[in-house]
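Read-outs: derived from the displayed coordinates by stated rules, not from any lab. Everything numeric here is computed off the predicted structure, so don't read it as measured data. Positions of Cβ are backbone-derived with ideal geometry, glycine not excepted, and every protein chain shown enters the neighbour counts.
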Amino acid sequence: MPNIRPSIEVAVVMRRERITGPASRWQTWRWVLAEVVPHEAGFGAAPRLLYKNDSEERWLHPGYKVELFKDDAEGYYLNVTTQAPCWFVLWRMEDEAGVAEEPIAKPVMVSLSYYDAGRWLDAQETVEQVPAPASVVEWLQAFVDEHHVPEPKRRKRPESFRSLTDRFGNPASISTEKKTGGAHG
């Protein structure tokens, strides 16, 4: 039997909002993550415009599978033990030919792992977060409870056991023997 990972299907809502004030001289619109919602069959498979007025657009991007991996239990633990557990969404600007008149923000990946978000940020990707609902946090907590193994605390060696080094990092030695010779004989 194949190893089936726990997963949920979600959809991502991206919001395009008008920028006002001095910053609007350089850029009139910006994209932000609006929410992550449970996927529904009626959403279809393609991105679609949900709402549009003079100051905002909302786009629905359906069909993202969020899987939980046992070897990332620490990343989920770090998320679920914060005051506000959240979804992490990596998104990019893409020219969706035929979908929109201009390039739109398109989610690439959705995760509940702090480590995923960290790797994406390290790769200079655009990553945003929104709060996860209580039902998802409970599901994640159950997975963490089953699979997270806390790192054992390592006993710190007393400073007296540290090896001595000189200011250049080279091993140094100290002798307690009295040196002989010299003028005081």
Exercise for the section: Please find, within region 109-150, the residue that is farthest from R15 (Cα to Cα) out of those that are among the charged types (D, E, K, R) and touching a residue at least 40 places away in the same chain (Cβ under 8 Å). Expected result: D116
Completion exercise
Reported set for region 100-148 where residues are of a type in the set (G, A, S) and either outside any helix (DSSP H, G or I) or over 18 Å from Y77 (Cβ atoms) (or both) is A100, A105, S111, S113, A123, A132, S135
Problem - Residue within region 73-93 that is of a type in the set (G, A, S), more than 16 Å from Q129 (Cα to Cα) and assigned to a loop (DSSP other than H, G, I, E, B) present - result: no
Exercise for the section: Say whether the condition of being surrounded by 11 or more Cβ atoms within 10 Å (Cβ to Cβ), aliphatic (A, V, I, L, M) and in contact (Cβ under 8 Å) with a residue 24 or more places away in the chain is met by at least one residue in region 18-32. Expected result: yes
Exercise for the section: Residues being surrounded by fewer than 11 Cβ atoms within 10 Å (Cβ to Cβ) and under 19 Å from the mean Cα position of the chain (by Cα): count how many of those fall in region 139-155. Expected result: 0
Problem - Failed condition for E57, given (1) of a type in the set (D, E, K, R); (2) loosely packed, with under 12 Cβ neighbours inside 10 Å; (3) part of a strand (DSSP E or B) - result: (2)
Practice task
Being exposed (fewer than 14 other Cβ atoms within 10 Å of the Cβ), over 16 Å from S135 (Cβ atoms) and touching a residue at least 12 places away in the same chain (Cβ under 8 Å) is the filter here, so list the residues in region 4-17 that pass it.
Solution key: R5
Problem - Boolean, E56 is under 25 Å from the mean Cα position of the chain (by Cα) and over 23 Å from P133 (Cα atoms) - result: no
Practice task
Could you please tell me which pairs satisfy a Cβ distance under 6 Å, a separation of 6+ or placement on different chains, a first residue in region 47-63 that is touching a residue at least 12 places away in the same chain (Cβ under 8 Å), and a second residue that is assigned to a strand (DSSP E or B) and surrounded by fewer than 15 Cβ atoms within 10 Å (Cβ to Cβ)?
Solution key: S55/R18; E56/E17; R58/L50; R58/Y51; W59/L49; L60/R48; L60/L50
